[in-house]
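> Encoded as structure tokens, here's the structure I'll be asking about.
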Amino acid sequence: MPDSKTKYIFVTGGVTSSLGKGIISASLAKLLQARGYSVTIQKLDPYINVDPGTLNPYEHGECYVTEDGAETDLDSGHYERYLDTKTSQANNVTTGRIYQHVINKEREGAFLGKTVQVIPHITDEIKRRVRLLGRTGKYDIVITEIGGTVGDIESLPYIEAVRQLKWDPEFSCIVIHLTLVPFLAASGELKTKPTQHSVKQLLESGVQADVLVLRTEHNINDEIKRKVALFCNISPEAVIESKNASTIYEVPVMMQDEGLDRVVLNKLDLPLREEPEINEWKSFLTRLKNPKQSITIGLIGKYIELKDSYISIHESLIHAGAVHQTSVKIKWIHSETIHADNVAEEFKDLDGVLVAPGFGERGIEGKISAVKYARENKIPFFGICLGMQCAVIEFARNKVNLTNAHTTEIDENTEDPVIFLMEGQKELTNKGGTMRLGAYECQIEADTLAHKAYGSELITERHRHRFEFNNKYLEGFEAAGMHATGVNPTGKMVEIVEIDDHPWFVGVQFHPEYSSTVLNPHPLFVDFLAASIKEKK
Ligand code: GLN
């Protein structure tokens, strides 16, 4: 099948991991979008998990959920936050998924007796996945980020697929390679040798990079750029500096100054069109970098040693903070360390309390203590998913007189299962991809905090959970002052809870953090911060 007119950009990384391929990809996509191109970004992850849904957040950080219910890499979150367009299952592919597909086909006899091999069968499946987004006909440009570092054994089939595609006359693509240029303090020099080796390593696999993005802590002068160009078979204007930024949201502006979008379009043989206008983006940056005031939000979770576990919440707080031109300091509080005796001391400087999503028993009583303190002391409170469930448990125990109330996730035989396993989850034995995932509707009651925030009675939000509010207890909760202010219109599952007599107390069963973007900050985060600013001591 011939390809559509879609052009492809592969983004690879060398020298070290964590160079920020996701941010560079998203920033480039933003600039191309601003020039009038429709762009999407895809991530190929070289691990054998079928998706990141079964991964502990300590491994690769947060699992990001798309509207169509795919559990994906956290980079998908950056793509949506930068581009303000939705990603889907097709935007995140893992080695596990590729192999699963090929092996299933083998079992069906689809290979007609042939020996199934990495080349061509695995590489063909990789190429098919890369082309899928282009073939939707929706995109002028598809950016495909290849996870891992060039030279890793696990990324070899991906690099081989890129090599084959570069030689395919039906396929038009370029390769952007990110490397690190370290600064040696002893000699006071920036060193380009790791970059040269990394480009050579890529070349050994048959792939010549077209553009180099050099990550650095110091300015890279023209002489260094010329040297890198000479040794790496790259034109000098295609050697791009990417210096450390004070915020990831500055990177599109820095890449625009460096001309990354222009170089890329020239290499892809596409017209430059109009100079990108990213004024709204720049005004967000101005508000972000010139705060008029500052507030402190306590983020209570059990994975705080790896901040990436809560990256979408972190970014949502930044987006919402910029709306109020307020700097949001996050105090990361480990849920395992919080209990009734120290919560007052730990929370004394907090203007708002956010209890994070999570799974399992570790730290749950700390989260419940956090809710109790925020409720009783009228500190603005935002509970997300497990955070909302903790709010329900706390309220049951202390206001509805159900002293032993719990979630059956933690105590299967609790006397009062105020949170329990959803219908449809009971028979499941497989862990991967079996939660209630993706976007569902929620009907909001008028004259509530949620209604005020959304300004709408019917909303859609993304989910990732197995347990839910037990409607058997709803009447007792309503009588005691906790209200279900948002409910799923078909299944009647409770989606939002609020309480009486509190400046701002909202618990949501869904994940608003997945849909906050730079240009469209999430209304619940915006209002949570508005309340925190108002109540600030
Ligand atoms: N563990 C809870 C559930 O499965 C909450 C999940 C979450 O916080 N994402 O319902």
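The values are calculated or read from the model by the stated rules, or taken from the named source; none is laboratory data. Keep in mind it's a predicted model, so treat the numbers as computed, not measured. Virtual Cβ from ideal backbone geometry, glycine too; neighbours counted across all protein chains shown. For accessibility, only protein heavy atoms count, side chains too; no ligands or nucleic acids. Shrake-Rupley method; radii C 1.70, N 1.55, O 1.52, S 1.80 Å.
> What are the residues in the range 523-537 that are at pLDDT 95 or above and either touching an Asp or Glu at 6+ places or on another chain (Cβ under 7 Å) or aliphatic (A, V, I, L, M) (or both), if any?
The answer is LEU524, VAL526, LEU529, ALA530, ALA531, SER532, ILE533.
> Given (1) away from the ligand (no atom under 16 Å from the Cβ); (2) assigned to a helix (DSSP H, G or I); (3) open to solvent by less than 10 Å² (accessible area, probe 1.4 Å), where does ALA479 come up short, assuming only one miss?
(3)
> Counting only residues that are surrounded by fewer than 21 Cβ atoms within 10 Å (Cβ to Cβ) and closer than 20 Å to HIS522 by Cβ, how many does the range 48-73 have?
Total satisfying the criteria: 3.
> A further question on this structure: Quick one: GLU513 ticks every box in (1) assigned to a strand (DSSP E or B); (2) in contact with a Ser or Thr (Cβ under 7 Å, 6 or more places away or on another chain); (3) within 16 Å of the ligand (Cβ to nearest atom) except a single one, so which number is it?
Condition (1) is where GLU513 drops out.
> Restricting the range 12-24 to residues that are closer than 15 Å to ASP152 by Cβ and within 19 Å of the chain's Cα centre (by Cα), which is surrounded by the fewest Cβ atoms within 10 Å (Cβ to Cβ)?
Step by step, filter the range 12-24, then rank; the result is SER18.
> Among the residues of the range 341-360, are any within 15 Å of the ligand (Cβ to nearest atom), open to solvent by 50 Å² or more (accessible area, probe 1.4 Å) and not β-branched (Val, Ile, Thr)?
The answer is yes, given that some residue of the range 341-360 is within 15 Å of the ligand (Cβ to nearest atom), open to solvent by 50 Å² or more (accessible area, probe 1.4 Å) and not β-branched (Val, Ile, Thr).
> Can you tell me which residue is farthest from the chain's Cα centre (by Cα) among those in the range 31-47 that are buried (at least 24 other Cβ atoms within 10 Å of the Cβ) and charged (D, E, K, R)?
ASP45
> Return yes or no: is LEU112 touching a residue at least 12 places away in the same chain (Cβ under 8 Å) and part of a loop (DSSP other than H, G, I, E, B)?
Details: touching a residue at least 12 places away in the same chain (Cβ under 8 Å): no; part of a loop (DSSP other than H, G, I, E, B): yes.
Taking the combined requirement at face value, the residue does not satisfy it.
> For the range 368-389, does any single residue satisfy the condition of being open to solvent by less than 10 Å² (accessible area, probe 1.4 Å), over 22 Å from TYR473 (Cβ atoms), at pLDDT 95 or above and within 12 Å of the ligand (Cβ to nearest atom)?
no
> Sticking with this one: Quick check on my filter: what residues within the range 103-158 are aliphatic (A, V, I, L, M) and farther than 16 Å from LEU44 by Cβ?
Scanning the range 103-158 gives ILE103, ALA110, LEU112, VAL116, ILE119, ILE141.
> Go through the range 489-523 residue by residue and tally those that are buried (at least 18 other Cβ atoms within 10 Å of the Cβ) and under 24 Å from TYR473 (Cβ atoms).
Within the range 489-523, residues that are buried (at least 18 other Cβ atoms within 10 Å of the Cβ) and under 24 Å from TYR473 (Cβ atoms) number 16.
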